[in-house]
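The values are calculated or read from the model by the stated rules, or taken from the named source; none is laboratory data. All of these numbers come straight from a predicted model, not from anything done at the bench. Cβ placement follows ideal geometry from the backbone for every residue including glycine, while neighbour counts extend to all protein chains displayed.
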Amino acid sequence: MELESYVKVLMELSDLFGPSGFEDDVRSYIEDRIKDLGYTYKKDRRGSLVSFKEGKGEYTVLLDAHMDEVGFMVKYISERGFIKLVPIGGYDDRILPGHIVTFKSGDKFVQGVVSTLPPHVLTPEERQKPLKLKNLWVDIGANSKSEVLSMGIKQGTPAVIHYPARIIHRKILGKGFDDRAGCATLLYLMETLKDVTLPYNVIFVFATQEEVGLRGAQVVKEYYEADVALIFEGTLATDIEGVSEKDMITRMGMGPALTLMDRSVIPSRKLLEFIEETARRHNIPYQYKMPGVGGTDGGAYAIKNTEVAVIATPARNIHSPTSLIDMDDYVATLNLAREVMLSLGEYFKE
């Protein structure tokens, strides 16, 4: 298959609604694809999808990507029909004003906008203050609370900020690349490896609720044992103007990022060196993610007797509706993921 065909898969995943705890649409998309590939799977009570590929060896490799994205939930509806939100995961209040919000109630989507006062009616001091989510309201065009309720929106209804994914100058723009990029990578591996006999078993995990505490992976690790866990993620690229070289967490255009340490896990040094050597052997560019930043599902699996490594696609403006991924970085991530999987038999012989 053409690697760049998976750019379309990533964009389709990006456009799906799926904040933590409400991953249904993403899960349905993934189920359809893995059924078409001939895989069987299970869904656990936390909502994660787990699929298996039997190999010939005694070892087991677990591959993880999380389906959820950051989003919001309805906290309160005023009598005049304005909606107050609370965050699901780590959304940045600074970017919210003026954005279009999409609510999902059953199979119905309703849009609104985060209201702001124009500068004409603000004092100079008020103009300088960043607006907090707790002080913002969403306007869906309703005139009363009863009208909002009639649209299917009530306390607890989930929401995301969403604009359709698109390509701009070999950059992919969209939302949810943390971690729809990882989900697309796992789907690519499932297609690539479906007819390959591997010298180890594989567990594919599409986990829920990573953004609110690795909750899906915490359940999965209680039921499945693996010798190695590879976590595929979308991570922070901060190579923009105004950020010094020493503060750039990752950079676009330099290939997938390997985690040295984050707030959830210190990856296996031996496994990391194997991945580096695999990348060099196949002339695949890679970089390191600045240590100490962020967290992944790797933190769940690392408390087992499992070696963990994290391979991530860098994305600018992460946890926003307008993230950017370099197409070449994404394709390099797919290449590295494939070559690592095809080489892991050698790793277990060491």
Counting only residues that are surrounded by fewer than 19 Cβ atoms within 10 Å (Cβ to Cβ) and either charged (D, E, K, R) or closer than 14 Å to Gly176 by Cβ (or both), the stretch 321-335 contains a total of 2
Determine which member of the set Leu258, Leu272 is within 23 Å of Asp68 (Cα to Cα), without any contact (Cβ under 8 Å) to a residue 60 or more places away in the chain and not in a loop (DSSP other than H, G, I, E, B). Leu258
Within the stretch 1-15, which residues are among the aliphatic types (A, V, I, L, M) and either more than 17 Å from Ser320 (Cβ to Cβ) or in contact with a Ser or Thr (Cβ under 6 Å, 6 or more places away or on another chain) (or both)? Met1, Leu3, Val7, Val9
For the stretch 39-56 the number of residues that are farther than 18 Å from Thr192 by Cα and exposed (fewer than 15 other Cβ atoms within 10 Å of the Cβ) is 3
Sort through Thr313, Thr278 and tell me the only one that's of a type outside the set (Lys, Arg) and closer than 29 Å to Arg94 by Cα. Thr313
What pairs can you find where one residue is in the stretch 338-350 and more than 15 Å from Arg281 (Cβ to Cβ), the other is hydroxyl-bearing (Ser, Thr, Tyr), and their Cβ atoms are less than 7 Å apart, with a gap of 6+ or different chains? Phe348/Tyr59; Phe348/Tyr200
Could you please let me know if Val110 is under 27 Å from Ala226 (Cβ atoms), assigned to a strand (DSSP E or B) and touching a residue at least 24 places away in the same chain (Cβ under 8 Å)? no
If I go through the stretch 72-107 residue by residue, how many of them are modelled with pLDDT under 95, out of contact with any Leu (no Cβ under 9 Å at 6 or more places or on another chain) and exposed (fewer than 13 other Cβ atoms within 10 Å of the Cβ)? 4
Which numbered condition in (1) farther than 30 Å from Leu133 by Cα; (2) touching a Phe, Trp or Tyr at 6+ places or on another chain (Cβ under 9 Å) is the only one that Glu54 fails? (2)
